[in-house]
Amino acid sequence: MKRLVPLLAYLLLAGALLLLAPAILTDFRLSLLSRFCTFAIVAVGIGLAWGRGGMLTLGQGLFFGLGAYVMAMHMKLDDAGPGGVPDFMKLYGDGKTPGWWEPFRSPIVTLLGIILVPAIVATVLGLAVFKRRVKGAYFAILSQALTAAFAILLIGQQGTTGGFNGLNGFKSFFGYAVNDPVNRRLIYFLTAIILLVILAGMAQLYRSRFGELLVAVRDGEERVRFLGYDPANIKLVAYVVSAVLAGIGGALFVPIAGIISPSDVGVVPSIAFVIGVAMGGRTTLLGPAVGAIAVAWAQTSLSENFPSFWSYFQGGLFVIVILFLPGGIAQLPTMATRLRRRPKPPADPSPIPQPRAAEPRAAEPRAAEPATTSAPATGAVA
Amino acid sequence: MSTDYLEITKLHVEFDGFVAIDSVDLTVLQGDLRFLIGPNGAGKTTLIDAITGLVPATGSARYGSTELLGRKVHQIVRMGVGRTFQTASVFEDLTVLQNLDIAAGFGRSPLSLLRKRRSVPPEVEKALTAVGLESLALRPAGVLAHGQKQWLEIGMLLVQDARVMLLDEPVAGMSHEEREETGHLLKRIGADRTVIVIEHDMDFVRTFADSVTVMHGGRVLAEGTVAEIQADERVQEVYLGRSVAAITEEVG
Ligand SMILES: Nc1ncnc2c1ncn2[C@@H]1O[C@H](COP(=O)(O)OP(=O)(O)OP(=O)(O)O)[C@@H](O)[C@H]1O
Ligand SMILES: [Mg+2]
């Protein structure tokens, strides 16, 4: 039963994405959904890093952008033909392709780059941050500052990155015309299937020993240290995986949206990613992905009808979720059952752990002791 | 057997000028169940913190031929030196089994970490039995009673096969029966390990200690068998701030 519910939910999602949506949605809506699926891929990574690992990654736009720009560079070079120079460089640059663009002419280097560039950047950042035991709000602020810096860097390099306008006007995606409706459907299926495969992989990861260890690090980093692990390594793995997922999401976003620009990778989209995850339920498997799609969907439909209303709505929704539904939408079913079943007074589970007759403790609580330390003694079950 | 001992010399810990451990010498042999007693604030916990790398210290703390001071917390654990905490700290969201499995796992290869736990590893099985939590194996650790959490923590050291165990008030807050059980468990564990137990309750110390070290104000005040300690006048003066008369009465 416990295993059946997530499996059913997964199959429902798969059915909705692969059968229902293509059958009932117009091409335009389906293309929007493809875009939301790329956000969902990013969200799955945030679920891992934040929900399971306790690292509030407010800067996934950085990795989303790295994956996206690698893909966009390839598509630009591909459009320019063998040895050709991307169009915007002739306008703003010196009319030559810079050396660091060249490797991405190769589709294989591009595919590797989509994975490896975010992975390497995340490894370097993660090592610097986690080994120094930076965490909590400091980590969140740092990751956000880096994203902001990345966006500013992109804007400043108009000749090589397209600057404020970003990279756009793509014609083909690995040889397929991007504006062809049939190809756009294919890209939708590709994205949805990648999302589902990633979710299946994540389910496996959550059930693995690593998944248990990650939760242990989240709930008691110091305690894990005293079991012989270096928590920095465990967090690093989760962080790098989440970065790679953001990179994959970014890479898929480019052929779907037809553009990648600094405004897609900066602070604002980074926060939007997190909001979707928080609303869906960050500790669950499907919550982040469903939340990301739902929030993006709501944003599009609301801003179509009430253009200036969305940011208030988003803010309000966020506050409501944080205050009343810290577990996100995924918490609703359990909340409902709990409300329906009147809570019985629990049979007292604690065999009278009387505080011992000693003087009041002078040295407690101590900052150096593990954060897990639970309220000792009385009533462990609430 | 003789290489298995903990030898602390001239250990010194300072917090912003406040000397919490003042030139402490202490040697504990394998199989000698050592109790560490002393009034609140004597520096007992800080001593364990220093040995396990939680607070910086000068001097020396050697296990066999290896120096422990200056190493990272997780490296010290990997050398076979484990500890528990005064306030039980287990992973409340994980089951008893998962807690033990994580404790057993620091030597696992990255690849095996990516796999699911399919069976209960034998050392986890043994530890579960040793601490008597078999029937609770699949319950989240958060629902355990305080005493059971302490047992779970001891179990986590057992699955690691820690050679040196430093237990900070493991029986505090336990019922009389639970204390008895824990005492016997400590005896069994201590037979082939180097164990230091911090404890306040003299009754408990009397029943289960092989030897006792008394700390006061960051220093070692006395050391010896239970009888020797109880006869020591300085101990009677400082211990728990009680009058000599009260102590003699209790001892008497
Ligand atoms: N991290 C710290 N920073 C500052 N002072 C500390 C720190 N840890 C301990 N102390 C001080 O060092 C002294 C020794 O504390 P310690 O916790 O070792 O005593 P203890 O013998 O374990 O006492 P108890 O029986 O209450 O557990 C106390 O005065 C305490 O206030
Ligand atoms: Mg103490």
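No value in this document is a laboratory result; all are computed from the given coordinates. Computed from a prediction, not measured in an experiment: that's the story for all the values here. Here the Cβ is made from the backbone with ideal geometry for all residues, glycine too, and neighbour counts use every protein chain on show.
Miscellaneous remarks
- Cα gyration tensor of the protein assembly as shown - equivalent ellipsoid semi-axes, whole Å, descending: 57, 27, 20
- Maximal additional length on extending the B:Met79-B:Phe18 stretch stands at 18.9 nm, based on 0.36 nm per residue less the C-alpha distance.
- Footprinting exposure proxy for A:Ile194, B:Ile154 (fewest neighbouring C-beta atoms within 10 Å first): A:Ile194, B:Ile154
- Of all lysines in the structure, the ones whose alpha carbon falls short of 18 Å from that of B:Lys116, not counting any fewer than 8 places away in one chain, are A:Lys2.
- 222 nm mean residue ellipticity, helices alone, for the protein assembly as shown (DSSP H n ≥ 4; -39,500 (n - 2.57); rounded to 500): -16500 deg cm²/dmol
- For B:Lys149, the lysines whose Cα falls under 24 Å of its own Cα, not counting residues fewer than eight places away in the same chain, are B:Lys44, B:Lys126, B:Lys187.
- Order of A:Val44, A:Val319 under a 10 Å beta carbon neighbour criterion, fewest first: A:Val319, A:Val44
- Normalised per residue, the volume of the convex hull around the Cα set of segment B:114-214 (Å³): 118 Å³
- Cβ crowding within 10 Å, taken as a proxy for footprinting-reagent exposure, orders A:Ser106, B:Ser119 from fewest neighbours to most as B:Ser119, A:Ser106.
- Here the spin labels are modelled as points 7 Å beyond Cα on the Cα-Cβ line, and at B:Asp25 and A:Leu4 they lie 7.0 nm apart.
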